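This report refers to the structure that appears directly beneath it.
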Amino acid sequence: MPPASRHVRAVAVQPQWHVSDFLSAAAFARWLRSQLDAARPHLRPGQANLVVLTELNGLPLVLRGGYLAAATGKFKWAAALLLIHHLPEVLPILLRERVSPIRALQLARASENVQLYLKTCRDLAREYGVYLVSGSTPMPHYRLESKRLKRVGNALYNQTLIFGPQGELIGSADKVHLTPDEEGGGVDLSPSQLSELRVFPTPAGDLGVAISLDAFRPDVTGTLAAQGCTVLLQPDANGSPWTGKEGIFPAGQTPRDQPLAWLESSWQVTNAGQIRYAVNPMVVGNLLDLTFDGQSAITGPNAEGLPPRSYVMTPPRSGFLALIPWVEGGSDEKLRKVGLNLAAGSGHPRENAYRTGVIHADLHLPPPTLATPLPTPHEVALSALLAGQARLPRSGLRWGWAALGLLGLGAWALAGRRRKRI
């Protein structure tokens, strides 16, 4: 007798973030727990539940302890103050590894922030008994040496982690296509390689990760589809007003309304039958002077998505199994104005008044057929850390290194002045 098909409850959480949620380990744990608490009424007892969180929800942990930096209200000012505050840890990395200040800051804080992020997500997956897609966080790669994790190079990836209901690490995935804000002029992350994408077979589906922009790219979705992906995971943090124009478009083309452009990610993938289901949670809220907005959605076969509906500013269509409404409806002109009123720095009474929520859909999946991919050295290292069999090096205040670094910078500056005189 052939194995029975699987019935899975998929849940997408649309949270709002505030700077205060990232200023301490306890605040971050409360913020993530509130999302699982919100998801709890949507879980279905007796079957696999898949909960998907939002992109870069670990990025603001770089602010942890930086109360003065957060009070500036500006991302660039906050980064500058954080660099000064953590100079003893940052400066050796700057001088030794020749990376940008913003990447050096993140690498300097990685040990503590990675451990906090991993263990918080692990504990929540185990406590709530769900397959948890963590969202994503900036993370270097590690390898296990004896009982310690050692950072591999100075790359820093936008990384998603998938946990099982016992808290076990199922796998990790790095973003391939970066937005301008993620590149050198922004938070300075590193692109991954298409060849490193894998599909993870689980009782909650054969899971493939396409973080944000990756879900718009046929090379990523095609690679995952060819490997047998049945559930596409698209954690997202759209850093602009939802009812404005798309920020990334081919040269020579007129930018479209962003909701229309968004149809070319998860909805298009499932509408074309390339992958059966997709889960796309989106974070909202103004983080310092940065704006994030969107509509979380779960998409699937057209026959399962009745009645027709769609993002604001686009006509109704089949294929949306669940969709969080935007803050209000109305004409396109009205919605564009509302989007600007919500945005950071608008000064409008509705500034930061976004809609949060949780949606779910039941997925009907074919029997499992895929083999589990071998864990990467990075995943082996993270699993050892989570099992208490290894530890990360602690970030210390290395004033000796800092003093040497300051002397080196001073010598470099003096030499530069001499060169100018010549």
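The values are calculated or read from the model by the stated rules, or taken from the named source; none is laboratory data. The structure presented is a predicted model; accordingly, all values stated were derived computationally and were not measured. Every residue, glycine as well, gets a Cβ built from its backbone with ideal geometry; the counts of neighbours run over all protein chains shown.
Pick out the one residue from ASN113, ASN57 that is in contact (Cβ under 8 Å) with a residue 24 or more places away in the chain and closer than 30 Å to ALA361 by Cβ.
Result: ASN57 is the single residue among ASN113, ASN57 that is in contact (Cβ under 8 Å) with a residue 24 or more places away in the chain and closer than 30 Å to ALA361 by Cβ.
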Do you know which residues across segment 15-53 are touching a helix residue (DSSP H, G or I) at 6+ places or on another chain (Cβ under 9 Å), within 30 Å of ALA343 (Cα to Cα) and not in a helix (DSSP H, G or I)? PRO15, TRP17, HIS18, LEU23, VAL51, LEU53
Would you point out which residue out of SER34, SER20, SER5 is hydroxyl-bearing (Ser, Thr, Tyr), farther than 25 Å from PRO140 by Cβ, touching a residue at least 60 places away in the same chain (Cβ under 8 Å) and surrounded by fewer than 23 Cβ atoms within 10 Å (Cβ to Cβ)? SER5
The condition of being touching a Cys at 6+ places or on another chain (Cβ under 7 Å) and either among the polar types (S, T, N, Q) or not in a helix (DSSP H, G or I) (or both) holds, among LEU161, LEU149, LEU156, only for LEU161
Regarding GLU89, is this residue in contact (Cβ under 8 Å) with a residue 40 or more places away in the chain and surrounded by fewer than 20 Cβ atoms within 10 Å (Cβ to Cβ)? no
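Select from segment 209-248 the residues that are among the polar types (S, T, N, Q), assigned to a helix (DSSP H, G or I) and surrounded by fewer than 24 Cβ atoms within 10 Å (Cβ to Cβ) and list them in ascending order.
If the condition is that a residue be among the polar types (S, T, N, Q), assigned to a helix (DSSP H, G or I) and surrounded by fewer than 24 Cβ atoms within 10 Å (Cβ to Cβ), then THR223 is the only one that fits.
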Residues that are surrounded by 22 or more Cβ atoms within 10 Å (Cβ to Cβ) and either hydroxyl-bearing (Ser, Thr, Tyr) or modelled with pLDDT under 95 (or both), drawn from segment 249-285: SER265, SER266, THR270, TYR277
Hits in segment 331-352 (condition: assigned to a loop (DSSP other than H, G, I, E, B), free of Cβ contacts under 8 Å to residues at least 12 places away in the same chain and of a type in the set (S, T, N, Q)): SER331, SER346
Output for segment 75-132, where each listed residue is assigned to a helix (DSSP H, G or I) and among the charged types (D, E, K, R): LYS76, GLU89, ARG96, GLU97, ARG103, GLU112, LYS119, ARG122, ASP123, ARG126, GLU127
Please pick out the residue among ALA104, ALA71, ALA48 that is among the small types (Gly, Ala, Ser), closer than 18 Å to ASN286 by Cβ and modelled with pLDDT of 95 or more. ALA71
Residue under question is ILE162, and the condition is that it be of a type outside the set (Lys, Arg), buried (at least 23 other Cβ atoms within 10 Å of the Cβ) and touching a Phe, Trp or Tyr at 6+ places or on another chain (Cβ under 7 Å); does it hold? yes
